[in-house]
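A.B. asks: My questions will all concern the structure given below.
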Amino acid sequence: EDPSSSSSTQNSVAPELPGFYYDPEKNRYFRLLPGHNNHNPLTKDSIQHKAMECKRLRLLEEEEKKNQKTTRAGLNSSVLLQKRQLGLLSSTSYCRLVHELKVNCMQRRKIEIHSPDSSVAGTNNFKIIVADVACERIFTVNDVEHGGCKYGIINLSGLGKESLTVEMYDNLYFTNRKVLFSVPPSLVVAFSEHKLCLMGIAETPGCASLLPASLFSSTNPGDRPGMLCSFKISTAWSCAWCLNPQADNCFSTGLTRRVLVTNVVTGHRQTFGTSSDVLAQQFATQTPVLYNGCRSGEIFSIDVRQRNRRGQSWKASRLFHGSAVTSIHLMEAEHYLMAADMAGKIKLWDLRTAKCVKQYEGHHNEYALLPLHVNEEEGLLTAVGQDCYTRIWSLQDAHLLRTIPSPHPSSKDAIPSVVFSSRLGGSRGVPGLLMAVKQDLYHFSYN
(Lines give C-alpha, C1' and ligand atoms only; values in the text may rest on other atoms or scores of the structure.)
Protein backbone atom coordinates (compact mmCIF):
# COMPACT_ATOMS: atom_id res chain seq x y z
CA GLU A 1 0.00 0.00 0.00
CA ASP A 2 1.15 3.47 -0.83
CA PRO A 3 0.66 6.20 1.79
CA SER A 4 -0.33 8.51 -1.06
CA SER A 5 -3.40 6.32 -1.65
CA SER A 6 -5.05 7.90 1.37
CA SER A 7 -4.54 11.37 -0.08
CA SER A 8 -6.08 10.28 -3.38
CA THR A 9 -9.16 9.09 -1.46
CA GLN A 10 -9.37 12.45 0.29
CA ASN A 11 -9.11 14.28 -2.99
CA SER A 12 -12.08 12.32 -4.34
CA VAL A 13 -14.16 13.63 -1.42
CA ALA A 14 -12.82 17.18 -1.19
CA PRO A 15 -11.29 19.18 -4.07
CA GLU A 16 -7.55 19.71 -3.91
CA LEU A 17 -6.48 23.31 -3.34
CA PRO A 18 -2.90 24.40 -4.12
CA GLY A 19 -1.01 25.12 -0.92
CA PHE A 20 -3.62 23.52 1.32
CA TYR A 21 -4.11 20.12 2.94
CA TYR A 22 -7.56 18.67 3.63
CA ASP A 23 -7.91 16.80 6.94
CA PRO A 24 -10.89 14.42 6.69
CA GLU A 25 -10.98 13.91 10.47
CA LYS A 26 -11.47 17.63 11.15
CA ASN A 27 -13.28 18.25 7.87
CA ARG A 28 -11.34 21.40 7.07
CA TYR A 29 -8.38 22.71 5.07
CA PHE A 30 -5.00 23.63 6.54
CA ARG A 31 -2.34 25.72 4.87
CA LEU A 32 0.80 23.87 3.87
CA LEU A 33 3.96 25.64 5.00
CA PRO A 34 7.11 25.63 2.82
CA GLY A 35 9.25 24.53 5.76
CA HIS A 36 9.05 23.47 9.37
CA ASN A 37 7.47 25.90 11.81
CA ASN A 38 7.52 25.61 15.59
CA HIS A 39 3.94 26.83 15.98
CA ASN A 40 2.33 24.88 13.13
CA PRO A 41 4.71 22.26 11.67
CA LEU A 42 2.31 21.16 8.90
CA THR A 43 4.41 20.19 5.91
CA LYS A 44 4.20 17.51 3.23
CA ASP A 45 6.88 15.51 5.06
CA SER A 46 4.96 15.58 8.33
CA ILE A 47 1.73 14.59 6.56
CA GLN A 48 3.42 11.67 4.82
CA HIS A 49 5.10 10.56 8.05
CA LYS A 50 1.76 10.66 9.87
CA ALA A 51 0.12 8.57 7.14
CA MET A 52 2.94 6.01 7.24
CA GLU A 53 2.76 5.77 11.02
CA CYS A 54 -1.02 5.23 10.90
CA LYS A 55 -0.49 2.47 8.34
CA ARG A 56 2.20 0.82 10.48
CA LEU A 57 0.01 0.83 13.59
CA ARG A 58 -2.91 -0.55 11.59
CA LEU A 59 -0.77 -3.42 10.23
CA LEU A 60 0.55 -4.22 13.71
CA GLU A 61 -3.01 -4.37 15.01
CA GLU A 62 -4.02 -6.66 12.13
CA GLU A 63 -1.07 -8.95 12.88
CA GLU A 64 -2.08 -9.20 16.53
CA LYS A 65 -5.61 -10.18 15.52
CA LYS A 66 -4.30 -12.68 12.98
CA ASN A 67 -2.08 -14.31 15.61
CA GLN A 68 -5.16 -14.92 17.75
CA LYS A 69 -6.98 -16.67 14.92
CA THR A 70 -6.33 -19.76 12.87
CA THR A 71 -5.09 -19.40 9.30
CA ARG A 72 -7.63 -18.65 6.60
CA ALA A 73 -9.91 -21.47 5.48
CA GLY A 74 -8.35 -23.84 2.99
CA LEU A 75 -4.81 -22.73 3.77
CA ASN A 76 -3.34 -25.62 5.74
CA SER A 77 -0.74 -28.20 4.84
CA SER A 78 -3.02 -31.26 4.73
CA VAL A 79 -5.62 -29.63 2.49
CA LEU A 80 -2.93 -28.28 0.15
CA LEU A 81 -1.29 -31.71 -0.10
CA GLN A 82 -4.62 -33.39 -0.90
CA LYS A 83 -5.38 -30.86 -3.62
CA ARG A 84 -1.91 -31.34 -5.07
CA GLN A 85 -2.28 -35.14 -5.13
CA LEU A 86 -5.69 -34.82 -6.79
CA GLY A 87 -4.22 -32.60 -9.47
CA LEU A 88 -6.22 -29.54 -8.41
CA LEU A 89 -3.08 -27.48 -7.84
CA SER A 90 -0.13 -27.01 -10.14
CA SER A 91 3.36 -27.39 -8.70
CA THR A 92 3.88 -23.62 -8.90
CA SER A 93 0.64 -22.83 -7.06
CA TYR A 94 1.31 -25.54 -4.47
CA CYS A 95 4.81 -24.21 -3.68
CA ARG A 96 3.56 -20.63 -3.43
CA LEU A 97 0.67 -21.55 -1.10
CA VAL A 98 2.98 -23.63 1.11
CA HIS A 99 5.37 -20.68 1.36
CA GLU A 100 2.47 -18.36 2.09
CA LEU A 101 1.25 -20.70 4.83
CA LYS A 102 4.66 -20.95 6.49
CA VAL A 103 5.54 -17.28 6.27
CA ASN A 104 2.17 -15.99 7.45
CA CYS A 105 2.21 -18.32 10.46
CA MET A 106 5.36 -16.66 11.78
CA GLN A 107 4.54 -14.74 14.94
CA ARG A 108 6.67 -11.95 16.38
CA ARG A 109 8.15 -12.59 19.81
CA LYS A 110 10.66 -10.40 21.60
CA ILE A 111 13.92 -12.01 22.66
CA GLU A 112 15.44 -11.35 26.05
CA ILE A 113 19.13 -10.58 25.72
CA HIS A 114 21.40 -11.53 28.62
CA SER A 115 25.00 -10.41 28.95
CA PRO A 116 27.79 -11.36 31.36
CA ASP A 117 28.10 -7.62 31.87
CA SER A 118 24.53 -6.54 32.63
CA SER A 119 25.50 -2.87 32.39
CA VAL A 120 26.03 -3.06 28.62
CA ALA A 121 23.16 -5.28 27.46
CA GLY A 122 20.64 -3.42 25.35
CA THR A 123 22.24 -0.01 25.80
CA ASN A 124 23.14 0.55 22.14
CA ASN A 125 21.12 0.37 18.95
CA PHE A 126 21.68 -2.53 16.57
CA LYS A 127 23.05 -1.48 13.20
CA ILE A 128 23.97 -4.76 11.48
CA ILE A 129 23.43 -8.44 12.31
CA VAL A 130 24.85 -11.34 10.27
CA ALA A 131 24.78 -15.08 11.03
CA ASP A 132 27.63 -17.57 10.97
CA VAL A 133 27.57 -20.60 8.67
CA ALA A 134 25.77 -22.81 11.20
CA CYS A 135 23.43 -20.00 12.34
CA GLU A 136 24.42 -20.76 15.93
CA ARG A 137 25.64 -17.19 16.50
CA ILE A 138 25.11 -13.78 15.02
CA PHE A 139 27.74 -11.10 14.69
CA THR A 140 26.43 -7.68 15.67
CA VAL A 141 27.48 -4.12 14.99
CA ASN A 142 26.02 -1.60 17.41
CA ASP A 143 26.07 2.17 17.36
CA VAL A 144 27.81 3.85 20.27
CA GLU A 145 26.29 6.98 21.80
CA HIS A 146 29.51 8.98 21.72
CA GLY A 147 30.25 8.01 18.09
CA GLY A 148 31.61 4.97 16.30
CA CYS A 149 30.56 1.34 16.49
CA LYS A 150 31.28 -1.74 18.58
CA TYR A 151 31.13 -5.40 17.63
CA GLY A 152 29.54 -8.22 19.60
CA ILE A 153 28.45 -11.86 19.43
CA ILE A 154 25.02 -13.29 20.29
CA ASN A 155 24.78 -17.03 20.97
CA LEU A 156 21.57 -18.50 19.54
CA SER A 157 22.04 -22.06 20.85
CA GLY A 158 19.29 -21.59 23.43
CA LEU A 159 16.82 -20.11 20.98
CA GLY A 160 13.80 -22.28 20.21
CA LYS A 161 10.06 -22.56 20.40
CA GLU A 162 10.15 -22.58 24.19
CA SER A 163 13.15 -20.43 25.03
CA LEU A 164 13.39 -16.78 24.00
CA THR A 165 16.64 -15.96 25.78
CA VAL A 166 20.05 -15.48 24.18
CA GLU A 167 23.51 -14.63 25.48
CA MET A 168 25.34 -11.57 24.17
CA TYR A 169 29.09 -11.02 24.57
CA ASP A 170 29.61 -7.33 24.15
CA ASN A 171 32.50 -4.91 23.59
CA LEU A 172 34.62 -7.37 21.61
CA TYR A 173 35.97 -4.54 19.47
CA PHE A 174 35.37 -0.85 19.17
CA THR A 175 36.03 1.54 16.31
CA ASN A 176 35.52 5.27 16.14
CA ARG A 177 34.54 4.91 12.47
CA LYS A 178 31.15 4.15 10.99
CA VAL A 179 30.80 0.51 9.91
CA LEU A 180 28.91 0.39 6.63
CA PHE A 181 28.89 -3.31 5.74
CA SER A 182 30.16 -6.73 6.75
CA VAL A 183 30.94 -9.94 4.92
CA PRO A 184 28.73 -12.57 6.61
CA PRO A 185 30.76 -15.02 8.71
CA SER A 186 29.13 -17.74 6.58
CA LEU A 187 31.89 -16.78 4.13
CA VAL A 188 34.55 -17.36 6.77
CA VAL A 189 37.68 -19.10 5.44
CA ALA A 190 40.72 -20.83 6.92
CA PHE A 191 43.95 -18.86 7.04
CA SER A 192 46.99 -19.82 9.15
CA GLU A 193 44.80 -21.83 11.56
CA HIS A 194 42.59 -18.80 12.03
CA LYS A 195 39.44 -17.75 10.28
CA LEU A 196 38.72 -14.28 9.12
CA CYS A 197 35.71 -12.01 8.90
CA LEU A 198 35.99 -9.01 6.62
CA MET A 199 34.65 -5.68 7.80
CA GLY A 200 34.36 -2.55 5.73
CA ILE A 201 34.30 0.96 7.11
CA ALA A 202 32.99 3.91 5.11
CA GLU A 203 35.11 6.85 6.15
CA THR A 204 38.02 8.79 4.69
CA PRO A 205 40.49 7.31 5.20
CA GLY A 206 38.57 4.04 5.35
CA CYS A 207 39.80 0.56 6.14
CA ALA A 208 38.98 -3.09 5.66
CA SER A 209 39.58 -5.11 8.81
CA LEU A 210 40.14 -8.84 9.24
CA LEU A 211 38.82 -10.34 12.46
CA PRO A 212 39.87 -13.78 13.80
CA ALA A 213 37.32 -16.58 13.62
CA SER A 214 38.09 -17.54 17.20
CA LEU A 215 35.90 -14.53 17.89
CA PHE A 216 32.95 -16.68 16.79
CA SER A 217 33.96 -19.97 18.41
CA SER A 218 35.41 -18.91 21.77
CA THR A 219 33.35 -20.11 24.72
CA ASN A 220 35.25 -17.91 27.13
CA PRO A 221 33.94 -14.33 26.86
CA GLY A 222 37.14 -13.11 28.48
CA ASP A 223 39.24 -14.51 25.64
CA ARG A 224 39.09 -11.67 23.12
CA PRO A 225 41.82 -12.01 20.50
CA GLY A 226 43.19 -8.94 18.84
CA MET A 227 42.39 -7.77 15.33
CA LEU A 228 44.62 -9.65 12.87
CA CYS A 229 45.15 -6.85 10.40
CA SER A 230 43.59 -3.70 9.05
CA PHE A 231 44.18 -2.20 5.61
CA LYS A 232 43.84 1.56 5.31
CA ILE A 233 42.32 2.53 2.00
CA SER A 234 40.27 5.30 0.45
CA THR A 235 36.51 5.42 1.00
CA ALA A 236 35.25 1.83 1.10
CA TRP A 237 31.77 0.92 -0.11
CA SER A 238 31.80 -2.88 -0.23
CA CYS A 239 33.95 -5.96 0.31
CA ALA A 240 33.98 -9.68 -0.50
CA TRP A 241 36.11 -12.73 0.26
CA CYS A 242 37.07 -15.30 -2.40
CA LEU A 243 36.42 -18.96 -1.54
CA ASN A 244 37.70 -20.35 -4.84
CA PRO A 245 41.07 -22.17 -4.44
CA GLN A 246 42.41 -20.54 -7.62
CA ALA A 247 42.38 -17.19 -5.85
CA ASP A 248 42.90 -18.42 -2.30
CA ASN A 249 43.44 -15.92 0.53
CA CYS A 250 42.22 -12.99 -1.58
CA PHE A 251 39.59 -10.42 -0.80
CA SER A 252 38.22 -7.50 -2.75
CA THR A 253 37.20 -4.03 -1.67
CA GLY A 254 34.90 -1.80 -3.68
CA LEU A 255 36.19 1.77 -3.59
CA THR A 256 35.51 5.06 -5.29
CA ARG A 257 35.94 4.38 -9.03
CA ARG A 258 38.09 1.29 -8.54
CA VAL A 259 38.22 -2.29 -7.32
CA LEU A 260 41.12 -3.40 -5.13
CA VAL A 261 41.90 -7.14 -4.91
CA THR A 262 44.35 -7.99 -2.10
CA ASN A 263 46.17 -11.21 -1.22
CA VAL A 264 46.46 -11.30 2.57
CA VAL A 265 49.42 -13.72 2.47
CA THR A 266 51.70 -12.00 -0.05
CA GLY A 267 50.29 -8.51 0.33
CA HIS A 268 50.03 -8.25 -3.49
CA ARG A 269 47.33 -5.86 -4.68
CA GLN A 270 45.64 -5.62 -8.04
CA THR A 271 43.64 -2.56 -9.02
CA PHE A 272 40.84 -2.39 -11.58
CA GLY A 273 39.66 1.08 -12.53
CA THR A 274 35.94 1.69 -12.92
CA SER A 275 33.86 4.62 -14.04
CA SER A 276 31.70 4.57 -10.90
CA ASP A 277 31.74 3.75 -7.19
CA VAL A 278 31.46 0.01 -6.45
CA LEU A 279 28.65 -0.41 -3.90
CA ALA A 280 28.18 -4.21 -3.90
CA GLN A 281 30.46 -7.21 -4.47
CA GLN A 282 30.43 -11.02 -4.38
CA PHE A 283 32.85 -13.70 -5.53
CA ALA A 284 31.70 -16.83 -7.33
CA THR A 285 32.77 -20.09 -5.70
CA GLN A 286 33.07 -22.32 -8.78
CA THR A 287 35.34 -19.87 -10.60
CA PRO A 288 37.58 -16.98 -9.39
CA VAL A 289 35.16 -14.39 -10.78
CA LEU A 290 34.16 -11.24 -8.92
CA TYR A 291 30.77 -9.59 -9.53
CA ASN A 292 30.44 -5.86 -8.88
CA GLY A 293 27.44 -3.55 -8.61
CA CYS A 294 28.04 0.16 -9.25
CA ARG A 295 26.47 3.49 -8.45
CA SER A 296 25.94 3.98 -12.19
CA GLY A 297 23.61 0.96 -12.27
CA GLU A 298 26.12 -1.27 -14.06
CA ILE A 299 26.88 -4.82 -12.89
CA PHE A 300 30.04 -6.39 -14.28
CA SER A 301 32.30 -9.35 -13.53
CA ILE A 302 36.09 -9.62 -13.30
CA ASP A 303 38.24 -12.75 -13.64
CA VAL A 304 40.84 -12.05 -10.95
CA ARG A 305 43.37 -14.44 -12.56
CA GLN A 306 44.02 -12.00 -15.38
CA ARG A 307 46.17 -8.93 -15.11
CA ASN A 308 44.55 -5.56 -15.23
CA ARG A 309 44.73 -3.93 -18.64
CA ARG A 310 43.93 -0.43 -19.67
CA GLY A 311 40.44 0.24 -20.92
CA GLN A 312 37.32 -1.77 -20.15
CA SER A 313 38.31 -5.03 -21.92
CA TRP A 314 38.78 -6.89 -18.60
CA LYS A 315 35.05 -6.64 -17.89
CA ALA A 316 33.27 -9.90 -18.66
CA SER A 317 29.46 -10.11 -18.31
CA ARG A 318 27.73 -6.75 -18.04
CA LEU A 319 24.19 -6.00 -16.83
CA PHE A 320 22.46 -2.66 -16.32
CA HIS A 321 19.97 -1.29 -13.81
CA GLY A 322 18.33 2.09 -14.08
CA SER A 323 19.64 3.19 -10.66
CA ALA A 324 22.56 2.59 -8.29
CA VAL A 325 22.99 -1.11 -7.46
CA THR A 326 22.97 -1.54 -3.67
CA SER A 327 23.10 -5.33 -3.26
CA ILE A 328 23.87 -8.42 -5.34
CA HIS A 329 23.50 -12.12 -4.57
CA LEU A 330 24.84 -14.93 -6.76
CA MET A 331 22.58 -17.99 -6.67
CA GLU A 332 24.05 -21.38 -5.78
CA ALA A 333 24.10 -22.73 -9.35
CA GLU A 334 25.84 -19.46 -10.36
CA HIS A 335 23.71 -19.12 -13.48
CA TYR A 336 21.52 -16.43 -11.91
CA LEU A 337 22.24 -13.18 -10.07
CA MET A 338 19.83 -11.28 -7.84
CA ALA A 339 20.32 -7.50 -7.67
CA ALA A 340 18.59 -4.57 -5.95
CA ASP A 341 18.93 -0.86 -6.68
CA MET A 342 18.08 2.54 -5.22
CA ALA A 343 14.87 2.75 -7.24
CA GLY A 344 13.48 -0.17 -5.24
CA LYS A 345 13.84 -2.62 -8.15
CA ILE A 346 14.83 -6.22 -7.36
CA LYS A 347 15.67 -8.26 -10.45
CA LEU A 348 16.78 -11.82 -11.10
CA TRP A 349 19.25 -11.94 -14.01
CA ASP A 350 20.13 -14.94 -16.17
CA LEU A 351 23.90 -14.61 -16.57
CA ARG A 352 23.91 -16.87 -19.64
CA THR A 353 21.59 -14.63 -21.65
CA ALA A 354 22.20 -11.34 -19.76
CA LYS A 355 18.43 -10.88 -19.45
CA CYS A 356 16.14 -10.15 -16.51
CA VAL A 357 13.90 -13.18 -15.97
CA LYS A 358 12.00 -12.11 -12.83
CA GLN A 359 11.23 -8.93 -10.94
CA TYR A 360 10.17 -8.75 -7.30
CA GLU A 361 7.75 -5.87 -6.71
CA GLY A 362 7.13 -3.87 -3.54
CA HIS A 363 10.64 -3.08 -2.26
CA HIS A 364 11.15 0.54 -1.21
CA ASN A 365 14.48 2.34 -1.49
CA GLU A 366 15.62 5.81 -2.51
CA TYR A 367 19.24 6.23 -1.41
CA ALA A 368 20.21 3.62 1.22
CA LEU A 369 22.59 0.65 0.93
CA LEU A 370 20.16 -2.12 1.82
CA PRO A 371 21.08 -5.84 1.60
CA LEU A 372 19.18 -8.77 0.09
CA HIS A 373 18.72 -12.06 1.95
CA VAL A 374 18.20 -15.12 -0.25
CA ASN A 375 17.38 -18.53 1.23
CA GLU A 376 17.22 -21.05 -1.60
CA GLU A 377 16.54 -23.96 0.76
CA GLU A 378 13.27 -22.36 1.84
CA GLY A 379 12.74 -20.68 -1.54
CA LEU A 380 12.42 -17.21 -0.05
CA LEU A 381 13.78 -13.72 -0.69
CA THR A 382 13.79 -11.22 2.18
CA ALA A 383 14.58 -7.50 2.02
CA VAL A 384 14.09 -4.57 4.39
CA GLY A 385 13.00 -1.34 2.72
CA GLN A 386 13.86 2.22 3.55
CA ASP A 387 10.28 2.50 4.83
CA CYS A 388 11.30 0.01 7.56
CA TYR A 389 9.01 -2.75 6.26
CA THR A 390 10.41 -6.29 5.94
CA ARG A 391 9.08 -8.02 2.83
CA ILE A 392 9.28 -11.72 1.97
CA TRP A 393 8.83 -13.03 -1.58
CA SER A 394 8.63 -16.48 -3.12
CA LEU A 395 11.76 -17.06 -5.18
CA GLN A 396 9.90 -19.29 -7.61
CA ASP A 397 7.15 -16.96 -8.82
CA ALA A 398 8.17 -13.58 -7.30
CA HIS A 399 4.91 -13.41 -5.34
CA LEU A 400 5.00 -11.11 -2.30
CA LEU A 401 4.10 -13.44 0.58
CA ARG A 402 4.18 -11.09 3.55
CA THR A 403 4.92 -7.51 4.58
CA ILE A 404 6.09 -7.16 8.20
CA PRO A 405 5.82 -3.71 9.83
CA SER A 406 8.57 -2.59 12.18
CA PRO A 407 7.71 -2.74 15.90
CA HIS A 408 9.22 0.76 16.20
CA PRO A 409 8.17 3.99 14.45
CA SER A 410 9.78 4.36 11.03
CA SER A 411 12.85 6.57 10.80
CA LYS A 412 16.20 6.70 9.02
CA ASP A 413 18.05 5.44 12.10
CA ALA A 414 15.57 2.62 12.84
CA ILE A 415 15.75 0.49 9.67
CA PRO A 416 15.65 -3.15 10.86
CA SER A 417 18.51 -5.55 10.17
CA VAL A 418 17.38 -9.14 9.60
CA VAL A 419 18.68 -12.71 9.30
CA PHE A 420 16.62 -15.54 7.80
CA SER A 421 17.74 -19.14 8.24
CA SER A 422 16.41 -22.67 7.92
CA ARG A 423 18.08 -23.60 11.24
CA LEU A 424 18.21 -20.68 13.64
CA GLY A 425 20.22 -21.75 16.67
CA GLY A 426 22.04 -24.64 15.02
CA SER A 427 21.28 -28.04 13.46
CA ARG A 428 18.22 -28.55 15.68
CA GLY A 429 16.95 -25.05 15.12
CA VAL A 430 13.76 -24.10 13.32
CA PRO A 431 13.34 -21.90 10.23
CA GLY A 432 12.62 -18.32 11.06
CA LEU A 433 13.51 -14.66 10.90
CA LEU A 434 15.57 -12.61 13.35
CA MET A 435 14.92 -8.87 13.36
CA ALA A 436 17.10 -6.33 15.16
CA VAL A 437 15.73 -2.81 15.44
CA LYS A 438 16.82 -0.10 17.86
CA GLN A 439 17.89 -1.92 21.05
CA ASP A 440 15.55 -4.88 20.59
CA LEU A 441 15.82 -8.32 18.99
CA TYR A 442 12.73 -10.17 17.70
CA HIS A 443 12.15 -13.76 16.60
CA PHE A 444 9.66 -14.79 13.89
CA SER A 445 9.58 -18.62 13.82
CA TYR A 446 7.60 -21.11 11.77
CA ASN A 447 4.60 -22.46 13.64
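The values are calculated or read from the model by the stated rules, or taken from the named source; none is laboratory data. Owing to the predicted nature of the structure, the values given are computational and were not obtained by experimental measurement. Cβ sites come from the backbone with ideal geometry, for glycine too, and all protein chains shown count toward neighbours. Quick note on the areas: whole protein, heavy atoms, side chains included, nothing else; ligands and nucleic acids left out. Shrake-Rupley method; radii C 1.70, N 1.55, O 1.52, S 1.80 Å.
A.B. asks: Scan (1) under 27 Å from Asp248 (Cβ atoms); (2) open to solvent by 30 Å² or more (accessible area, probe 1.4 Å); (3) in contact (Cβ under 8 Å) with a residue 12 or more places away in the chain; (4) among the polar types (S, T, N, Q) for the single condition Gln359 breaks and write down its number.
C.D. replies: (1)
A.B. asks: Hey, any hits in the range 336-357 for a residue that's among the charged types (D, E, K, R) and under 16 Å from Ala240 (Cβ atoms)?
C.D. replies: no
One line per residue, one yes/no per condition, for (1) surrounded by 22 or more Cβ atoms within 10 Å (Cβ to Cβ); (2) touching a helix residue (DSSP H, G or I) at 6+ places or on another chain (Cβ under 8 Å); (3) in a loop (DSSP other than H, G, I, E, B); (4) at pLDDT 70 or above:
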site	(1), (2), (3), (4)
Thr204	no, no, yes, no
Ala208	yes, no, no, yes
Thr219	no, no, yes, no
Asp223	no, yes, yes, no
Thr253	yes, no, no, yes
Leu260	no, no, no, yes
Thr266	no, no, yes, yes
Gln286	no, no, yes, yes
Tyr291	yes, no, no, yes
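A.B. asks: Restricting attention to strands (runs of 3 or more DSSP E) lying wholly within the range 340-433, give those where 3 or more residues are in contact with a strand residue (DSSP E or B) (Cβ under 9 Å, 6 or more places away or on another chain) and within 16 Å of Lys127 (Cα to Cα).
C.D. replies: Strands (runs of 3 or more DSSP E) meeting the threshold: 417-424.
A.B. asks: Hey, does the range 405-428 have a residue that's among the charged types (D, E, K, R), closer than 24 Å to Ser323 by Cβ and free of Cβ contacts under 8 Å to residues at least 60 places away in the same chain?
C.D. replies: Yes, there is a match, as at least one residue in the range 405-428 is among the charged types (D, E, K, R), closer than 24 Å to Ser323 by Cβ and free of Cβ contacts under 8 Å to residues at least 60 places away in the same chain.
A.B. asks: So, one more: Quick one: how many residues across the range 58-98 are at pLDDT below 75 and assigned to a loop (DSSP other than H, G, I, E, B)?
C.D. replies: 9
A.B. asks: Take the residues of the range 409-440 that are modelled with pLDDT of 90 or more and of a type in the set (A, V, I, L, M): which is most open to solvent (accessible area, probe 1.4 Å)?
C.D. replies: So, considering only residues that are modelled with pLDDT of 90 or more and of a type in the set (A, V, I, L, M), the one most open to solvent (accessible area, probe 1.4 Å) is Ile415.
A.B. asks: Residue pairs, Cβ under 7 Å, 6 or more apart or interchain, first in the range 374-389 and under 23 Å from Leu59 (Cβ atoms), second basic (Lys, Arg) and crowded, with 20+ Cβ neighbours inside 10 Å. List them.
C.D. replies: So the pair list comes out as Ala383/Arg391; Gly385/Arg391.
A.B. asks: From Ser323, Ser301, Ser296, Ser317, grab the single residue that is part of a strand (DSSP E or B), over 27 Å from Leu434 (Cβ atoms) and open to solvent by 20 Å² or more (accessible area, probe 1.4 Å).
C.D. replies: Only one candidate qualifies: Ser317.
A.B. asks: Mind telling me which of the residues Ala339, Ala368, Ala343 ends up being crowded, with 21+ Cβ neighbours inside 10 Å, closer than 21 Å to Ser238 by Cβ and not aromatic (Phe, Trp, Tyr)?
C.D. replies: When all the criteria are applied, what remains is Ala339.
A.B. asks: Any idea which residue in the range 273-284 is most open to solvent (accessible area, probe 1.4 Å), counting only those that are in a strand (DSSP E or B) and modelled with pLDDT of 90 or more?
C.D. replies: Gln282
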